[in-house]
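Data first, discussion second: the structure below is written as C-alpha cells.
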Amino acid sequence: MLIAILALGAAVVGAAVYFLMPGPVHTIRLGAYEGDVGALEWIAKDKGFFDQVRLNVEIKGYPSGDAAVKAMHAGEVDIATAAELVVAKRSFDEKNLRILAGICRYWNKGFIGRKDHGITTHFDLKGKKIAFPATSSAEHNLVVFLALQGLTLEDVVPVNLTPKQIVEKTISGEVDAAIVWEPHVSAIEDALGDNAVKLMERGTEANLLLVGRQEHLDAQSQAIQKLLKGLILAEDWVRANPEQAKAYLIKRFALDAIYIDKLWPRMQLAVTLPQEILEAMDSVSRWIAKANNREQIPNYAETIHASDLRAVKPAAVGVFTK
Amino acid sequence: MDIKTGFRAVLTVGAVLTGTALLSVGYSQYAFVEDTSRKERLDHVANQGMRLIQLTQEVLLYGEPRAISQWQSQYVEMGRLISDQAYIADPDLGEINGALLIRYSDLSPLLEKLTSARQDSRQSADVIDVLASQLFQDATQLQASLRDLKDVADESHERAYKASKQRQIAIFSLFGTLFLMYGLAVMMLFRGVILKPLGDLERTIHAIRDGKQARAPNQREDEIGVICQTFNQLLDEHDHSQREIRAMAERFRNIFEQAAVGMSIVSTTGDWLEVNECLCAILGYPREELLSTNYRRYSAPEFLETDIKRVKAILAGERQHDAWETCYIRKDGQAIWARITTALTRDSDDRPLYFVTVTEDITQRMADEARIGEINRQLEEQARDLRRINADLESFAWVASHDLREPLRMISSYIGLINKRLGPEIEEDMRTYIGYAIGGAKRMDSLILSLLDYSRIGQDAGLHGSVSLNDVLQECQLNLKMAIQEAHATVVLPDRLPFVTGARGDLVRLFQNLIGNAIKFHHPDRPPVVTLTCEEKKDEWLLCLSDNGIGIESQYYDKVFRIFQRLVSKDEYEGTGIGLAICKKIVEHMGGRIWLDSTPGEGTSFYLALAK
C-alpha cells in the first residue's frame, strides 16, 4: 500500500514537472563528425544537454563532413556537420544548403612525407604521389601548401582517399606523402617513426559547421533552436570543465592524453557564426571555381541561416548583414 | 570599563574603520586603474593588428615595396606586442589569443611567398591567386581575432567599470552602514555613558540647589561613577559639616549667651553688633539698647582715650589682640572695673571685619586686690616686727645664756673652792649637798647650752644647699665612733643615699641625735642595731631610721619631740631632753616632717620626710 502511494506520488510529481516544462519535446537527427573537433555534439548528447532543452537527438557519427552532408541529402539525418570547404564546394550545386553555426574552429591538419620516398623537405614534393581526402579542408590545405612552395596540384600526383585509406596507404608506401587531419596525422607519424617527415604542422584554419537544408530549417525552427541551445550548454560545460572535457574526448574517441594536450589549444569549441567563415568560403571557392571551370561562385551570405542562433544567442552571430 | 578606556577603544575602532575604508577605496581605485590599463594594452594590440591588416590589404592590392617594408616592420611590432608577458598572461584571452597567434604566424610565409611569386615571371598565376586568396583569408581571420580582442578589451573595460561601480557602491554601502552604525553606537555610548549620567548629576545638583535632599546615582564603576561617588561623599561631608557648623554655632551661641563673662562682637567703628546677657548685666542695659549704641558711650571719660588708642593699635595691625583694664559707667551711674580682651577678625584679604571682645567685671577683684594689698602691708609690718622681736630674742637668748652661764660658773667655782677649803673634815651630808649644788649648776649650764643650740637652729640660712646624705651619715658615724664601739652597735646604711636641700651642720646634728639616741637607749639584752632605709616618693624622700632599743610607749609619741621632755630618769640616762625637739625643729625648718612608730621592748622607727 505504501509503495503504491509513493509510486503514485512520484508519478504525480513527475507529470507535474513534465507538464510545467515549457514547450513540447522535439526530435532531430544529427549527422555528427565522429572525432575530436565534433566534441560539442557528442558532449551535448552524452551529458544530457539536449534532454535539458527537451530535444530528442538521434545522433549518427561520420568520418568526414562530406560524408555527413551526403547522408543529409540522402535523408539519413536532418542536420550535418562539415568543414567550410565542404559547404563552400557543395554550395555551387546545392542551393538549399544552409549554415546554422560553427561549432569548432581548428587547426588540425598535418602533411607527412616518407623519407624513403625521397621527401625530406617541402622542395622534394614535385612529382610525388600525395594522398588527401577530396572535398575536405585538407584538400584546400594541400593547394595552399603547394602554392607556398610555388607549386600547384599539377606539379604533384594527387590521390583522393578517405582518411582511413590515407593512413593505410601512406604507411604501406603506396603514396609518398599525405595531408590529412588529426588524429590520422599522428597515426601515420607514429607508424613511420623516423621515416616520417612533417612538412606542415597545423595547417590552415578551418571551421566545423552545422548545416541543414533550407526547407527543413524553416519547418523545424524550434527544434533547431533547441539543438543550438543544447550545443551552447555543452560549450559552457567545456569552458567550465576543460579537464573533464579532455577526459571525455580521450574516452569517447579512444585518444591518447598526450595527443589531446597537444591538440586542445588548436581546437576552439564554441557555437559562433563569425564573418570570417564567409570570407574563408569565398577564398576556397575562388580556387574551386577555377579548378572546376565554374565562372560564378556562390553568394555565401545567402547560405547563412542566422535567425535561429540569433534567437538563442545573439552575441554569437558575428556575420555582417546580408 | 572606564570611560577613558572605552573612548580609546571607540577611537581605535573609528581609526580602524576609517583606515579600512580608505584601503578599500584605494584598492578599488587600484583595481580600476589595473583594469583600465589592461584595456589600453589590449586596445593597443588591436590597433597595431588593424594597421597590419591595412598594410596586408595594400600588399595584396598593389604590392608596393613601401607597403611590404611597412608591413614587415608592423609585423615585427605586432609580434613584440603579442609576446609581451602581461599580454600572454591575460586570463580572459584564452582561445582568442590562441587563434590570434596562429593567424598572425600564418601571415608572414604567405606574404613573403606571394611577394616573391609576383616578382617571379615564371610563377603560375594559380599559385599567386591561391596565395593571395589565402593571405586575404588569413588577414580577415586575424581581423576577426582583433575584433574579438577589441570585444574583450571593451568587455573588460565595461566589466572594470561595472566592477568598480559595484565596488564603490559596496564600499560606500558597507562603510556607510558601518559608519552609521558606528556613529549610532558612539552616540548611544556617549548618551549612555556621559550624557545621561551627567543629566542625572545635573538634576541632583538642581535638586540640591532647590534645597531638596538628593544624591547622585551611584551605580556605575567608571569615572562618572567615581565623580558621583565623590560628589555623594562631598554631600555627606557637607551635610556633616553643616551639622557640625550648626552644632558649633549653637555651642558658640550658648557659650556666647551663657558665658560668665560679657561677650560681644563689635564693629571696627565701635558699634555693638552682638552682646550677651552677661554683658548686659555688667553694664546694666537691656540688649536692644546696647545694640543700638557704641561702646564709647559706656567708657568712663578718663579711660576713653586709652580704650580708643588700644583699638586703633589693633586696627593698624600693630597687634592682633590686646587686653587691658578699663572702667565703664553702668546705667545706674555706678563705675565698674572691667578687663577687656579683644581680638580683631579679618577676612581672607586681611581687611578688618569685627572685634570679638570679652568683658570681665573685675570690680570685686579690684576691691579684693585692694584689700589684700592692705593685708599684705599689715603682714609686712608684722613680719618686720617679728624679725625685730626675733632678733631681740636671739640677742636675748645669746646674752641670757652667756650672762646666765657666767654666774653659774661662778657659783660652781666658788662651791668647788668651798668644798676644797672645808677639806676632808666636812660632813658627809654637807659634801653631798655641795655635790648637788655643783651638779645642779652643771645641769643648768647644759640646759642653757642646749637652749642656745635650739635657738640657733635655722640661723645659718646662708649655709643651705644641696647636701649629700651619704656624706652626712659618714660624718655622723665618725663622730659617734667611740659610742658605737663601746655599745658594740651596728649601723646599717643603704648603698646610696640622695641629696637633700638643707644646712649640712643641721643634718649632721639631726642624724647624730637620732643614731646617738638609738645607741643610748639600747636594750640591755642585745647590742644596738641601727638601720637606715630610704624610699623615693613623688615629691620627697622618705627615710626610716629603725633600732632594736627599748622602744617608746605610744602615748609619748608627741611628748618626745617637746623641748626638755624626758621619758626616763636622768640618773638612768643622762641628757637634757632637748635632742628630739632639736631634730623636729631641724626637719620642720627644712620643710619636712618627722614622726615615729615604736613597739616597747622591741625598737623604734623614726620617719623623716624630706623635700627633694
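Coordinate-derived values only; no laboratory data. Source: prediction; values computed, not measured. Cβ atoms come from the backbone with ideal geometry, glycine included; neighbour counts cover every protein chain shown.
Quick notes on this one:
- MRE, 222 nm, helices only [DSSP H, n ≥ 4, -39500 (n - 2.57), over chain B, to nearest 500]: -22000 deg cm²/dmol
- Taking the Cα centre of the protein assembly as shown as origin and assigning +1 to Lys and Arg Cβ atoms and -1 to Asp and Glu Cβ atoms, the resulting dipole is close to 1280 debye.
- In the protein assembly as shown, a dipole from Cβ-located charges (positive for Lys and Arg, negative for Asp and Glu) runs towards its positive end, and of B:376, B:59, B:488 it is B:59 whose Cα lies farthest in that direction.
- Under-5 Å amide H pairs with residue A:57, H placed in peptide plane, nonlocal only: A:28
- Cleavage-rule hits, chymotrypsin sites (Phe, Trp or Tyr not before Pro), region B:487-568, DSSP coil, Cβ neighbours within 10 Å at most 12: B:564
- In terms of its alpha-carbon gyration tensor, region B:259-361 comes out prolate; a/c meets the 1.5 threshold, and the first ratio a/b outweighs b/c.
- FRET efficiency estimate (nearest 0.05) - Cβ-Cβ, residue B:446 to residue B:379, R0 56 angstrom: 0.90
- For region B:76-144, the list of trypsin sites (Lys or Arg not before Pro) that fall in a loop by DSSP and count at most 12 other C-beta atoms within 10 angstrom reads B:122.
- Directionally averaged projected area (convex hull, Cα atoms, region A:198-250), nm²: 6.0
- Kirkwood hydrodynamic radius of region B:3-188, Cα pairs, Å: 20.2
- Region B:58-151 gives an Rg/Rh value of 1.03, both radii derived from C-alpha positions and Rh following Kirkwood.
- Cα gyration tensor shape of region B:331-399, rounded if a/c is under 1.5, else prolate or oblate by comparing a/b with b/c: oblate
- Furthest towards positive pole of dipole, A:167, A:91, A:153, structure part region A:64-211, Cβ charges: A:91
- Under a Gaussian network description of chain A, with springs only between Cα atoms under 10 Å, the residue in A:35, A:212, A:127 that fluctuates furthest is A:127.
- Tail fraction, Cα-Cα pairs, region A:13-152, threshold 22 Å, whole percent: 53
- Within a Gaussian network of chain A (alpha carbon springs, distance under 10 Å), most fluctuating of A:42, A:107, A:287: A:287
- Once you reduce region B:370-432 and region B:510-578 to the center of their Cα atoms, the two points are 28 Å from each other.
- Summing +1 for each Lys or Arg and -1 for each Asp or Glu among the other residues whose beta-carbon sits under 11 angstrom from that of residue B:338 gives -1.
- Each residue of region B:458-612 gets 109 Å³ once the volume of the Cα convex hull is shared out per residue.
- Shape index of chain B: Rg/Rh, with Rg the Cα radius of gyration and Rh the Kirkwood radius from the inverse mean 1/r over Cα pairs, equals 1.64.
- Residues in region B:483-518 that a label on residue B:589 would reach, taking backbone N under 16 Å of a point 7 Å out along Cα→Cβ: B:501-514
- Computed lengthening from residue B:343 to residue B:316, 0.36 nm per intervening residue step minus Cα-Cα distance: 8.5 nm
- Prolate/oblate/rounded label for the protein assembly as shown (Cα gyration tensor, a/c 1.5): prolate
- In degrees, nearest ten, helix A:2-20 long axis to first principal axis of chain A (Cα): 60
- Excluding exposed DSSP-loop GluC sites (Glu not before Pro) (at most 15 other C-beta within 10 Å), longest clean stretch of chain B: B:1-220
- Cα pair distances of region B:162-239 binned at 5 Å [whole percent]: 4, 14, 17, 14, 10, 8, 7, 6, 6, 5, 4, 3, 2, 1, 0
- FRET efficiency, residue B:523 to residue B:393 (Cβ-Cβ, R0 60 Å, nearest 0.05): 0.90
- Applying both filters, DSSP loop and at most 11 other Cβ atoms within 10 Å, to the chymotrypsin sites (Phe, Trp or Tyr not before Pro) of region B:12-89 gives B:62.
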